[in-house]
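Notes follow once the structure below has been shown.
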Amino acid sequence: MTQTAANNALDIASGLLLAPYGLGETALGNVLGEILQHDVNLADLYFQYQRAESWSLEEGIVKAGSFNIEQGVGVRAVSGDRTAFAYSDDISLAALREAAATVRSIGAAGQSRSVRVAAPALPAALYSARDPLPSLADTDKVALLERLEQYARAADPRVVQAMAALASTWDVILVARSDGHLAADVRPLVRLSLTVIMEDGGRREQGSSGGGGRADYAMFTDEVLRDYARRAVHQASVNLVARPAPAGTMSVVLGNGWPGILLHEAIGHGLEGDFNRKGSSAFAGRIGQRVAAPGVTVVDDGTLAGRRGSLTVDDEGNPTRCTTLIEDGILVGYMQDMHNAGLMGVAPTGNGRRESFAHLPMPRMTNTIMRAGDKTPEEIIASVGKGLYAANFGGGQVDITSGKFVFSAAEAYLIEDGRITTPVKGATLIGNGPDALTRVSMIGNDLALDPGVGTCGKEGQSVPVGVGQPTLRIDGLTVGGTGG
């Protein structure tokens, strides 16, 4: 995307969020100046306008549809390690001044300061500002879901049920800060998902797939729909013949792409600045130390064009970037928002994110990725005498303080004598994130990103994210299962 596209985002945001209410840069500067009459280190105004829709189809019938518009403004003041926050769905000068009066009380009265708000040179936009909602007519959205269901049924006669869902948002944000910084972003986001249920000999299993990104509905071509159908049907068909997974300690090979969700949960959250500032992360105080096996390099990259977790600017108005967290096994950095970065004496990394104007920003991941190594997937599989190959994951949970995690495999196989053999189900991976990093013994050359389906929760806030990794061999992981 071009610099012109980035400037266009500011024009769109100003037209939607400021102009209708008679607000301009002078008014925003005055409101911020009112907050700074007290001893406040940082203040910001976060304006948001969002349009969202969702459609779901089951058995050829539209089961649900929704459309929603919301807008509002959040006002934050930070004084030392304390934060005051107020928000309103009323975007008016009166509402802004009332919120400003509320949050400025966090600091002691001081001298009046003025703020001149202006937009600096903006980063190039990572995605189009086009609203995805009208990119297809409503009848065509239903037809798209119908085609996806038909492709799934055509892929295997054992499919007895198919459920498809389509969703999109168009998010327009504008941030004005007490340091005079003004930034805006226009964020499209689409997602398509499919779940199938297959039956054979009285046994029923399900499979799922999908994808999306910061684009419009044009990304869901018939070729893409057929691929989603094939993947969901394949997963369900594998589980139909799977036997109970064995339990024990063994070598585990993780597939590339979406299995990076284990990296995101078990390791990524522990590398967010707030947990480390408070000393509650297993990685706290370990900058410069070896925390992973040689060859393990982990980055958080918000600059990948069109990806679900990418942002041109974060929710504090800072450009996102590629932040190296672990380099060749050594911990070199954390993900930071402005508040935690200031308290830790480091620079923000463009990872300040919030669910909406009604929420405070905090350090969050964007696209968290383990870099590729030099082994082929075939070499990695061939190196394992007896173990588990986890091709895809379902849900999981992690304790940030201890690093302990539990993840369920949605598609898994035994590895026997260097070959992938019997499908198994009910496998759970149990371990400790920092410990698991030290047990990585082989890293594939086949780095892949997830298809664009990830959503991350933290302290009650959900944001879209991405993950990625190559095929990995991790030794000595505990596998929970029901088989002998």
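Here is how the numbers come out for the structure above:
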item: Subset of K404/K425; K375/K458; K278/K375; K404/K458 violating a 28 Å alpha-carbon distance limit; result: K375/K458; K278/K375
item: Cα long-axis angle, helix 222-240 against the chain (0 to 90 degrees, to the nearest 10); result: 50
item: Cα convex hull volume per residue for the stretch 55-191 (Å³); result: 183
item: Descending semi-axes in Å of the chain, equivalent ellipsoid built from Cα gyration tensor; result: 42, 29, 17
item: More than 19 Å apart - percent of Cα-Cα pairs taken over the stretch 404-476; result: 55
item: 222 nm mean residue ellipticity, helices alone, for the chain (DSSP H n ≥ 4; -39,500 (n - 2.57); rounded to 500); result: -6000 deg cm²/dmol
item: Percentage, to the nearest whole number, of Cα pairs in the stretch 1-125 over 25 Å apart; result: 40
item: Where only C-alpha atoms are counted, convex hull volume of the stretch 158-236 per residue in Å³; result: 103
item: Equivalent ellipsoid dimensions for the stretch 197-304 as semi-axes, Å, which come from the Cα gyration tensor, largest first; result: 35, 23, 12
item: Extended-chain gain in nm, criterion 0.36 nm per residue less alpha-carbon gap, A124 and A347; result: 78.2 nm
item: Angle between the chain longest axis and helix 93-104 axis [Cα atoms, degrees, rounded to 10]; result: 80
item: The stretch 314-357: proportion of alpha-carbon pairs further apart than 12 angstrom, %; result: 61
item: Geometric extent, Cα atoms of the stretch 94-166 - Rg, Dmax (angstrom); result: 26.1, 75
item: Burial order of peptide ranges 180-192, 322-334 (average beta-carbon count within 10 Å, highest first); result: 180-192, 322-334
item: For D435, solvent-accessible area (1.4 Å; no DNA, RNA or ligand), Å²; result: 60
item: 27 Å Cα-Cα reach of K141 towards lysines, excluding residues that sit fewer than 8 places from it in its own chain; result: K63
item: The chain: angle of helix 3-17 to the longest principal axis, Cα-based, in degrees nearest 10; result: 70
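The values are calculated or read from the model by the stated rules, or taken from the named source; none is laboratory data. Owing to the predicted nature of the structure, the values given are computational and were not obtained by experimental measurement. Ideal geometry is used to build each Cβ from the backbone, glycine not excepted, and the neighbour counts take in all protein chains shown. Surface accessibility is based on the protein's heavy atoms, side chains included, excluding ligands, DNA and RNA. Shrake-Rupley method; radii C 1.70, N 1.55, O 1.52, S 1.80 Å.
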